[in-house]
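Computed from the coordinates by the stated procedures, all read-outs in this text should not be read as laboratory data. These figures come from a predicted structure and were not determined experimentally. No Cβ is skipped: glycine too gets one built from the backbone with ideal geometry, and neighbour counts run over all protein chains shown.
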Amino acid sequence: MKIKKTIPLVVAGAIIVVVWGHVCNAEEAMNGLYFDKAASTHRLEGHLRLLTETIGPRSVLHWDGHGRARDAIFQFFDGLGLRPTLETYDYEGRAVSNVIAEIKRGAHPSRRFLVGAHYDTVFGTVGADDNASGVAVLLELATVLRQNRALLDEERVIRLVAFALEEPPVFSTRFMGSKVHARAMKANREGLEGMICLEMVGYTCHQQGCQSYPFPLNWMGYPKSGDFIGIVGNRPSRRFTASLVAAFNNNPALPTVSLSVPFNGWLTPAIRLSDHASFWDHGFKAVMITDTAFYRNPHYHLASDTMATLDIGFMAELVRSLLIFFTAPDPPR
């Protein structure tokens, strides 16, 4: 049994769709997929604990922690049999690396998708939501895609990238890991059906008034509690965004807000504060999936951004929704 309400709005050139729903038996939406939420939640907890407690701060200014995070992600992908590679480049005389793995079923897939999350942190914080949550979902997505590989379209390849640098002092410079990777894809003329940026995906709040929005969305009657996931795309990514929303609608346990912005988000600068913007700027279709960061999470860029503040079950539902998307039939070009 499913109950849904969808509200499309157009605000200042942006198209917003809010999808609310709940389900008596969430497994009805899985269409034969294998997904064990309890096991997924347990693995997510392990990834979060490794990144935030065993390793700790992962800023490029915490050089040891940054390198340990890179190695842990590489070893995890390698343990899944994905044969990861390092995209290594120089930052102020030091070698830093994006960690890359791919999952596919066919021998010669022609449609590439990319899911990415940055693994560095702001100096002085263990960065549980920002962005261990995104990396944990990336790693768990790799696990469930491997479990369901037989259901993947033979024409589809999914590239998983853990970006080395995103936070200050590197943000907006050419040394961002996503900028390095997007530049390389452009130079190599690699096709890309769509990029998904996982940016702060683990924090929820349920009190009325705990969720805020940028102008003018704050005047539009949106929910005042933060129990949804956001999908933000630009105008050229409209079809890609719509295909994600359609797939996510098959998991009513995860309410979704979708936003399409004009001019690559330059009129709403807060929309550009992550790795998806690197792909927009190189002409690729891309979206950011987010819990809305500082519009919801009071621990943003603070030492209090710890694992204890996260909703790991919420993150597991995001993994489920991504799995539904990647095993669904390809949307039209």
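Find the residue count for the stretch 266-275, including only residues that are free of Cβ contacts under 8 Å to residues at least 24 places away in the same chain and either within 12 Å of Gly116 (Cβ to Cβ) or among the hydroxyl-bearing types (Ser, Thr, Tyr) (or both).
0
Go through Ile312, Ile289, Ile229 for me and flag whichever is in contact with a Pro (Cβ under 8 Å, 6 or more places away or on another chain), among the hydrophobic types (A, V, I, L, M, F, W, C) and in contact (Cβ under 8 Å) with a residue 24 or more places away in the chain.
Matching residue, one of Ile312, Ile289, Ile229: Ile229.
Restricting attention to the stretch 76-104, report how many residues are basic (Lys, Arg), farther than 24 Å from Val60 by Cα and surrounded by fewer than 15 Cβ atoms within 10 Å (Cβ to Cβ).
Adding up the residues that qualify gives 1.
Among the residues of the stretch 51-70, is any under 21 Å from Ala182 (Cα atoms) and within 20 Å of the chain's Cα centre (by Cα)?
Yes, the stretch 51-70 contains a residue that is under 21 Å from Ala182 (Cα atoms) and within 20 Å of the chain's Cα centre (by Cα).
Being in contact with a Cys (Cβ under 6 Å, 6 or more places away or on another chain) and under 30 Å from Glu45 (Cα atoms) narrows it down to one of Gly230, Gly209, Gly226, Gly194, so name that one.
Within the list Gly230, Gly209, Gly226, Gly194, the selection yields Gly226.
Within the stretch 275-294, can one find any residue that is aliphatic (A, V, I, L, M), in contact with a Phe, Trp or Tyr (Cβ under 7 Å, 6 or more places away or on another chain) and closer than 21 Å to Ala128 by Cα?
Yes, there is a match, as at least one residue in the stretch 275-294 is aliphatic (A, V, I, L, M), in contact with a Phe, Trp or Tyr (Cβ under 7 Å, 6 or more places away or on another chain) and closer than 21 Å to Ala128 by Cα.
Working only within the stretch 60-92, note down all residues that are under 26 Å from Ala316 (Cα atoms) and touching a Pro at 6+ places or on another chain (Cβ under 9 Å).
The answer is Gly65, His66, Ile73, Phe74, Gln75, Phe76, Phe77, Asp78.
Among the residues of the stretch 183-190, is there at least one that is in contact with a Phe, Trp or Tyr (Cβ under 9 Å, 6 or more places away or on another chain) and free of Cβ contacts under 8 Å to residues at least 24 places away in the same chain?
Scanning the stretch 183-190 turns up no residue that is in contact with a Phe, Trp or Tyr (Cβ under 9 Å, 6 or more places away or on another chain) and free of Cβ contacts under 8 Å to residues at least 24 places away in the same chain.
Between residues in the stretch 91-103 that are over 27 Å from Gln147 (Cβ atoms) and touching a residue at least 40 places away in the same chain (Cβ under 8 Å) and residues that are part of a strand (DSSP E or B) and of a type in the set (Phe, Trp, Tyr), which pairs lie under 7 Å by C-beta distance while being six or more apart or on different chains?
From the stretch 91-103, the pairs are Val96/Tyr89.
Scan (1) surrounded by fewer than 24 Cβ atoms within 10 Å (Cβ to Cβ); (2) under 30 Å from Arg174 (Cβ atoms); (3) over 17 Å from the mean Cα position of the chain (by Cα); (4) touching a residue at least 24 places away in the same chain (Cβ under 8 Å) for the single condition Asp305 breaks and write down its number.
Checking Asp305 against (1) surrounded by fewer than 24 Cβ atoms within 10 Å (Cβ to Cβ); (2) under 30 Å from Arg174 (Cβ atoms); (3) over 17 Å from the mean Cα position of the chain (by Cα); (4) touching a residue at least 24 places away in the same chain (Cβ under 8 Å), the one that fails is (1).
Please enumerate the residues belonging to the stretch 152-173 that are among the β-branched types (Val, Ile, Thr), under 23 Å from Phe74 (Cα atoms) and part of a loop (DSSP other than H, G, I, E, B).
Val170 - this is the single residue of the stretch 152-173 that is among the β-branched types (Val, Ile, Thr), under 23 Å from Phe74 (Cα atoms) and part of a loop (DSSP other than H, G, I, E, B).
Looking at the stretch 140-171, which of its residues are closer than 17 Å to His66 by Cα and surrounded by 18 or more Cβ atoms within 10 Å (Cβ to Cβ)?
Correct list: Val161, Ala162, Phe163, Ala164, Leu165, Glu166, Glu167, Val170.
Within 20 Å of Thr204 (Cβ to Cβ) and either touching a strand residue (DSSP E or B) at 6+ places or on another chain (Cβ under 7 Å) or of a type in the set (A, V, I, L, M, F, W, C) (or both): does that describe Ile271?
So Ile271 does not fit the description; no.
Taking the condition of being outside any loop (DSSP other than H, G, I, E, B) and crowded, with 19+ Cβ neighbours inside 10 Å, how many residues in the stretch 186-199 meet it?
Final tally of qualifying residues: 6.
Residues to consider are Ser260, Ser278, Ser237; find the one that is crowded, with 17+ Cβ neighbours inside 10 Å, in contact (Cβ under 8 Å) with a residue 60 or more places away in the chain, assigned to a helix (DSSP H, G or I) and not basic (Lys, Arg).
The conditions single out Ser278.
Restricting attention to the stretch 135-151, which residues are part of a loop (DSSP other than H, G, I, E, B) and farther than 13 Å from Val319 by Cβ?
Residues satisfying the conditions do not exist here.
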